[in-house]
Each structure stands twice: as structure tokens, then as C-alpha cells.
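The values are calculated or read from the model by the stated rules, or taken from the named source; none is laboratory data. Small disclaimer: the values here were computed from a predicted structure and weren't measured. Positions of Cβ are backbone-derived with ideal geometry, glycine not excepted, and every protein chain shown enters the neighbour counts. Remember, those area values only see protein heavy atoms, side chains included, never the ligands or the DNA or RNA. Shrake-Rupley method; radii C 1.70, N 1.55, O 1.52, S 1.80 Å.
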Amino acid sequence: ATYYNPNLVTQQQYSLAETAADGYTAPGCLDHKGYTDYICSLPLTTPPAVFGLHDNADITKDLQESQLLLDSLLLTQSSSTTSAAVPSKPAGGRRATAVSSTGAAADAAGPAAAVAVSTVKVKSQDDVIAEVAAGILGRLPPNFDLEAAEAAYPQDYYNSMNTVLVQELGRFNALLTVVRSSLVALDQACKGLALMSSELDAVGRALFDGKVPALWLRRSFPSLKPLGGYVKELLERVAFFTDWLKQGMPSVFWISGFFFTQVMGYGDTVALYAAPLCMGYC
């Protein structure tokens, strides 16, 4: 309705944006120079209203541009292994000197000076990926025993949270399996024991950049955290459900720790209405 309406033809200086102050108005009947001058007079920064968008669209655009810039910078990182010889500092912070047989001190920069050097090795990309993968695998807990959980918390019409617990454990098992299997396969691929597929290469690149791999996010709870914060949160969520499984239903629930956060209200509704009706008529 903004671009196709009678006002565009009948009204002078009809604004294509929210206000005429934005500078996007329909020009009148001009010659060639007039049209070129009008085009040159348009603002350098186009407001979202010109495209029929809310002002908050600028925030989304800026976030995407910033993310693209950071991703492009990460692509410029070197992944090769290098070594450098670094002179070691003598005690006391003074310049190293070599003493001749006559007792005279020679400058360390001289040809007869003996300067101790140490070789500093920079880790390669594969070394960093293997170290990060091993660190995550070492902290990763085992999968939940769903059969034992179902036996300890059987389906109960008067306590729907038993069903919620078993379903959440199944979702975490799926996530833990994906994380563990991808890290093991990546470690084997880095050692040359397995084929490095494009999916594993993407996982390795994400670990090197400190991001959560897209392969994990397909099975994961929603998260915008970097890799370190994501792993920490995953372990905290698993610990919460482990305590629930071993010590019984908690008195306070970590609602945001669930995969399906709406389950709290849904479970209460089932317990109040559906269970009595089912027990009376089923």
C-alpha cells in the first residue's frame, strides 16, 4: 500500500518512508539532470522504513555484519606449525655475557659470546583441536540409563513429572551421544585413522574457533554461548537431572534447564485435570 496507491501520483512530494524528512519522496517531472541530482541527494544510510521494516531491523543488520566481520577475521588465522629461537634472559635481567680465559667480559652480541636459546613451538590447528576435544571428552558424563530411570520413576497419572524426567533424559542422551561420537571420530580423523568428512571438518573448525558446532546444535537446547560456556552449561544441566534421578524430585526446578520449558505448565495442567478425568472414566 505504500508504493502502489493513488497518492503516489496525485500528491506532491509523496513520502515513500514514514516521513518526508527521511528524504525518500517521489520526485516530480524533472529532466535528466534533475533526476540525477535527486538520486545524489538521497541519504547514504537507508532507514529501514524505506523497505517497510521496523527500526529494530537495523539491530539485526548490524549483528549480521558484525558476525560476518568476525567470521572473516577467523578465516585469516594461520593453522601451520612454526618454531622460533628466543634468547633466554640471564638472571638479574642483565645482558648475557661470555667470560674469556683471561677474565675479560665479552659482550653477548660479540662473535665469541655464548647465548642460550630456547625453541618455542606454536601449536598447530590439529594440536589445538585434539586438545580441546580431549578436554571436553574428559569432562563429558556417561549417558543416562533410561531403563533404570523408568523403573525408578514409572508413569503415574498423579505425578506427570516422572514422564517429564524420562523424556528430558532421553533428549540429553541424544545430545551427549552426538557430542561424544563426533569428538571421538574427529580425534581419529586427526590421527589419520578415519576419513575426515566435511561434517567433521566443520566440527573441528568450530572447536578451533571456540564456537559450538552446528552438528551439536541440531540436537541441542537453544544457546548463543561460545564453546566454553556451552560445555559448562551442558554439564550443569546434566548434573541437575542426575541429582533429580538419584535424590528424588527437587523442591525447586531449574525451568530454563529443560529442553521443553513449557512442560512445567503442561505437567501441572495434566495433573489437575486430565489425570482425575482419566482415572474416573478410563
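So here's what we get for this one:
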item: Calculated FRET efficiency for the pair Arg219/Ser256, C-beta based, R₀ 22 Å, to 0.05; result: 0.75
item: Fraction of accessible area attributable to carbon and sulfur, region 175-253 (%, probe 1.4 Å); result: 58
item: Electrostatic dipole magnitude of region 173-242 [Cβ: Lys, Arg +1; Asp, Glu -1; Cα centre; debye, to 20]; result: 120
item: Highest average packing first - 195-201, 165-171, Cβ atoms within 10 Å; result: 165-171, 195-201
item: Relative contact order for region 170-243, counting Cα pairs under 8 Å that sit 6 or more residues apart, in percent; result: 27
item: Distant-in-sequence amide H partners of Thr25 (H built 1.01 Å from N, under 5 Å); result: Leu16
item: Total formal charge among the other residues, if their Cβ is under 13 angstrom from that of Cys190, Lys/Arg +1 and Asp/Glu -1; result: -2
item: Modelled FRET efficiency - R0 45 Å, Asp62 with Lys191, Cβ distances, 0.05 increments; result: 0.60
item: Accessible area, probe 1.4 Å, largest first, for residues Phe260, Phe208, Phe172; result: Phe260, Phe208, Phe172
